[in-house]
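Contents: one structure, followed by commentary.
The values are calculated or read from the model by the stated rules, or taken from the named source; none is laboratory data. Given the structure is predicted, the values throughout are model-derived calculations rather than measurements. Counting neighbours? That spans all protein chains shown, and the Cβs are built from the backbone with ideal geometry, glycine included. Ligands, DNA and RNA are excluded from the accessible area calculation, which covers all protein heavy atoms including side chains. Shrake-Rupley method; radii C 1.70, N 1.55, O 1.52, S 1.80 Å.
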Amino acid sequence: MKKEYESPVYHVRRVPVEKVRANSYNPNHVAPSEMKLLELSIWEDGYTMPCVCYYIPDEDVYELVDGYHRYCVLRTSKRVFEREKGLLPVVVIEKDLSNRMASTIRHNRARGTHSVELMVDIVAELTKAGMSDEWIKKYIGMDADELLRLKQISGLMELFADKEFSIPEEA
């Protein structure tokens, strides 16, 4: 009998912040003024959204997929840290690295801003991991032109390994 799907948000965990670490591929940046507003929001309203993590049992650590800036607030705001007793609300997803990267991008893009340079790095990493252009477009939410631009910006020839090129003949 197949188990019914249940969203991760129904299983929020309280995790000591020292057991949580950032990932190396988050392209989202927040300006200092927005970080101050986020800290105020968490202070006034509490944590209203858990961070999304992947649990690494061998290291007993939670790696962030989404929620880096909420995590930073807990680490840097003494008043929030004390009130929350150093515990970060997290939900856990079970995905391989390529799919975690895609999840990070979907979360960020749904909110708005992200760094072009880090998006280039992610596209390069996914391409090197064997993800097709179609997979990247579908799971990252890109159109063909955007994907092509990011690959061009990278300047990495291997990102075009699956493409055929020809030099036009002169008339």
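Quick one: which strands (runs of 3 or more DSSP E) lie wholly within the stretch 1-105 and hold at least 3 residues that are open to solvent by 90 Å² or more (accessible area, probe 1.4 Å) and under 25 Å from MET131 (Cβ atoms)?
none
Residue check: is VAL52 of a type outside the set (Asp, Glu) and under 17 Å from the mean Cα position of the chain (by Cα)?
Against the criterion (of a type outside the set (Asp, Glu) and under 17 Å from the mean Cα position of the chain (by Cα)), VAL52 qualifies.
Which one of LYS85, LYS36 is of a type in the set (D, E, K, R), modelled with pLDDT of 90 or more and at positive phi?
LYS85
For GLU39, are the conditions met, namely being out of contact with any helix residue (DSSP H, G or I) (no Cβ under 8 Å at 6 or more places or on another chain) and acidic (Asp, Glu)?
Spelling it out, it is not the case that GLU39 is out of contact with any helix residue (DSSP H, G or I) (no Cβ under 8 Å at 6 or more places or on another chain) and acidic (Asp, Glu).
May I ask you to list the residues in the stretch 132-147 that are within 15 Å of the chain's Cα centre (by Cα) and at pLDDT 80 or above?
ILE136
Just for the stretch 148-167: of the residues that are assigned to a helix (DSSP H, G or I) and modelled with pLDDT under 55, which one is most open to solvent (accessible area, probe 1.4 Å)?
Filtering first and then ranking leaves MET157.
Checking the conditions here, which among ALA129, ALA22, ALA102 is over 14 Å from the mean Cα position of the chain (by Cα) and hydrophobic (A, V, I, L, M, F, W, C)?
ALA129
Considering each residue of the stretch 40-51, count those that are under 21 Å from ARG21 (Cβ atoms) and at pLDDT 95 or above, and give that number.
Qualifying residue count, the stretch 40-51: 4.
Please pick out the residue among VAL80, VAL65 that is touching a Ser or Thr at 6+ places or on another chain (Cβ under 6 Å) and modelled with pLDDT of 85 or more.
After applying the criteria, what remains is VAL65.
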